[in-house]
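First comes the structure, then the notes that go with it.
The values are calculated or read from the model by the stated rules, or taken from the named source; none is laboratory data. As the structure is a computational prediction, the values presented were derived from the model and not from experiment. Note that we place each Cβ from the backbone using ideal geometry, even for glycine, and neighbour counts take in every protein chain shown.
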Amino acid sequence: MKTPADYLACPVFELTYPTGEAAESVPVVAYTDALRAIEAALADAEKYKYLLMRAVRRSTPTQQYPPMTVSSAFAPETPVLPLYSPDELAA
């Protein structure tokens, strides 16, 4: 995997005040260079995701699961009773 700096193949500037003094130790890059680096990082993330999912699928043994059945506790015939009395709901 690449480090964030590997995606920036462009000039990096230091932020300065108009007097020429260094404002902060923050690297500054052009907007288009930053977008290009982000797009490359996202493309690599998609590739790594694909490779990871393929490895998981290949390493997981296929299992046969029984079909899902509706439990008798959740059958549509089960009556639904109100939690509160009508007097409490009117208040």
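Checked against (1) exposed (fewer than 10 other Cβ atoms within 10 Å of the Cβ); (2) in a helix (DSSP H, G or I); (3) modelled with pLDDT under 80, residue 5 passes all but a single condition, namely (1). Going residue by residue through the stretch 48-59, is there one that turns out to be at pLDDT 85 or above, under 16 Å from residue 4 (Cβ atoms) and not in a loop (DSSP other than H, G, I, E, B)? Among the residues of the stretch 48-59, at least one is at pLDDT 85 or above, under 16 Å from residue 4 (Cβ atoms) and not in a loop (DSSP other than H, G, I, E, B), which makes the answer yes. Of everything in the stretch 8-33 that is surrounded by 10 or more Cβ atoms within 10 Å (Cβ to Cβ) and modelled with pLDDT of 80 or more, the residue that is nearest to residue 51 (Cα to Cα) is 8. For the stretch 63-72, the criterion of being part of a helix (DSSP H, G or I) and modelled with pLDDT under 80 is met by at least one residue.
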